[in-house]
1. Can you pull out every residue in region A:229-252 that is within 11 Å of another protein chain (Cβ to nearest Cβ) and hydrophobic (A, V, I, L, M, F, W, C)?
2. When the residues of region A:275-297 are narrowed to those that are facing chain B (nearest Cβ under 9 Å) and without any contact (Cβ under 8 Å) to a residue 40 or more places away in the chain, which ends up surrounded by the most Cβ atoms within 10 Å (Cβ to Cβ)?
3. Taking region A:272-292, which residues are among the hydroxyl-bearing types (S, T, Y) and either modelled with pLDDT of 85 or more or in contact with a Leu (Cβ under 8 Å, 6 or more places away or on another chain) (or both)?
4. Step by step: first the residues of region A:253-274, then only those that are facing chain B (nearest Cβ under 10 Å) and buried (at least 24 other Cβ atoms within 10 Å of the Cβ), then the one that is farthest from A:F160 (Cα to Cα). Which residue is that?
5. For residues that are closer than 23 Å to A:Q164 by Cα and free of Cβ contacts under 8 Å to residues at least 60 places away in the same chain, scanning just region A:202-250, find the one that is farthest from the chain's Cα centre (by Cα).
6. Filter region A:19-32 down to the residues that are at pLDDT below 70 and among the small types (G, A, S) and list them by number.
7. Filter region A:252-290 down to residues that are part of a helix (DSSP H, G or I) and among the small types (G, A, S) and give me whichever is farthest from B:S158 (Cα to Cα).
Amino acid sequence: MTSASRRLKSREFADAAAEEMITSRSFWADARGRFLRNRMAVFSVFMLLCLVVFALFGHTIAVWNYEEIDWAVLGQVKTEGGPSLENGHWFGVDELGRDLYARVVQGTRTSLMVGFVAGPLSVMLGALIGAMAGYFGGRFDQTVMGLYTIWISIPYIIFFVVWQAFFGRSLTQMIIVIIIVNWTAGLLIVRGQVMMLKNREFVDAARMLGMSDMAIIFKHLMPNVLWVVVIYTSLVIPEVIMAESLVSFLGVGIQEPNTSWGALISEGARTMTFGTLWQLAFPAMFFVIAQVSLFYIGDGLRDALDPKER
Amino acid sequence: MLNFTLRRLFAVIPTILVLIVFSFYLMRLAPGGPFTSERPLPPAVMANVLERYGMDEPLHVQLWSYIKNIVLYFDFGPSFSQKDRTVNDVIAQGFPVTLTYGFWSAIFVLVCGVPLGIIAALRHNGFWDYTMTGLAIFSQIFPNFVLAPLMVLLFTLSWGLLPGGGWNGGQWQYIVMPAIALGTSYMAGVARLTRGSMLEVLNSPFIRTARAKGLPERTIIIRHALKPALLPTLTYMGPVFVYMITGSVFIDVFFSTGGIGQDFIDGAYSRDYSILLGLAILYSLLTFALTLMLDLLYAWIDPKVRSSMG
């Protein structure tokens, strides 16, 4: 007898099965159970929470402020500026003698903020427009699709440059411009889903009951495409963090002395030829931890939510 | 087929026009410009400069002459920030560089990604399958702006095998790192996609039939499974190549290859409208051309698509 069949015949399994029969379970409860069984995904959520805690409270144990220049090490960053416990620079200092630990905390804060605010908001915007395009069809749909084609063929760096010329380079502006650039995220997939769903009986029934179009979209269609939106959001968040990092790397991102992972990595990459490797290693490490966690969370969500996977 | 091609070509024209008008106004309406500096120019000089570049006329007149010059003479106008250079010069100098390593990068993506995906599908849940999944995760968390510094650190600073930047007329040593840094994440994407579609094809009825006929496994894979399995990869390669060309901005900046990405960023800093707009048009023309080419190729391979084109 294999272990699987032994498990099938065991008492515990019978109990569990019986219990499952009694408590009716919703789709989301089901999905939650599947997600929680995925060890890697749960561990990733834990790692991400650690990063959030680090971003929120990391500065309380920092000895230095992220804009403060330590004049004692400035000018001899290469020899004196490495990570050390004595002078409070746990991650060393950057090229300008600022404490790297405090700067990494600040960068984590910025990058996570950009990811978790701009990512979901842009997917929501795209999902709303996509749902409307799919539901109404016709000319509105054509206009949206035409705009979509044009939009994705404009190099997005232009938007960052132009937006900054108008409104400056603060964190809020960064988030707004990322939402504007990314409104196409989630559009196509939600549009396709809605086009598929809108001919189903429950939509007809709602229409017959006299519900308005927008009410149908929000009350009946959106809940049905929510799983797509959730999966898509989990994919967009790391992408947004990466986009912000790339833009900061290229020097059109967030304004100094505020910083982000991308800006820190770019400084580290620029100075690594001088042998100050810690300036690259620490920001890159945090960036990589975040990306790995987000990857596995996205993976777990897809496995838990996608009906095809079951 | 011809009909389809012509219809697509005509659809491109209004799209490009909207793109030009939109980007033109977007950039012109933003405060500041190529001639704004810390110390403002005397009004008389400023007026002269503006007249020299035809910027004293109303916007729509400028737009009209800009479009006219492009259509009639394929002339994108002079650069505002680089004296004595036209945008055509900039493109002629930088574009071949970007195309060269972009081409090699695409080759790298295909030559490594496709076989890797196929092997992973054939050894489903085996060693190669896990290796590939690992690689996919790796490339996701090491985007090119983390990968490129790491590669320079290893191959240039530690082992001294490859030059860490520059172009030098396009000798192969100078192409290797940009091409790999640019292609890695797409390579993993291609591998993952190929694996997925190969698995799907291998489980489909006609492969079962082929197996039942007693065909050798090699024939089944090469003659029957390969072609349908590669179709999704092919559609994916179009956008990928475009992303690679536009995404090369970072590579150009980091490896100082002298490609158009550098000019694009410089143009963004100095608010050089003509360069920004010219390159944006170039990028989107490239997008459309490649998408069209791939659609045609797709039709050539897949008879079902061909008949639907009319």
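The values are calculated or read from the model by the stated rules, or taken from the named source; none is laboratory data. In this text, all values refer to a predicted model and were calculated from it rather than measured experimentally. Please note: Cβ atoms are built from the backbone with ideal geometry, for glycine as well, and neighbour counts cover all protein chains shown.
1. Those that are within 11 Å of another protein chain (Cβ to nearest Cβ) and hydrophobic (A, V, I, L, M, F, W, C): A:L235, A:I241, A:M242, A:A243, A:L246, A:V247, A:F249, A:L250, A:V252.
2. Here the answer is A:L280.
3. A:T273
4. A:I265
5. Residue satisfying both the conditions and the ranking: A:F249.
6. Passing the criteria: only A:S24.
7. Looking at residues that are part of a helix (DSSP H, G or I) and among the small types (G, A, S), I get A:A290.
Yes/no matrix, rows are residues, columns are (1) closer than 25 Å to A:E256 by Cβ; (2) assigned to a helix (DSSP H, G or I); (3) modelled with pLDDT of 85 or more:
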position	(1), (2), (3)
A:A165	yes, yes, no
A:T172	yes, yes, yes
A:V177	yes, yes, yes
A:I180	yes, yes, yes
A:A185	no, no, no
A:V190	no, yes, yes
A:V194	no, yes, yes
A:N199	no, no, yes
A:V203	no, yes, yes
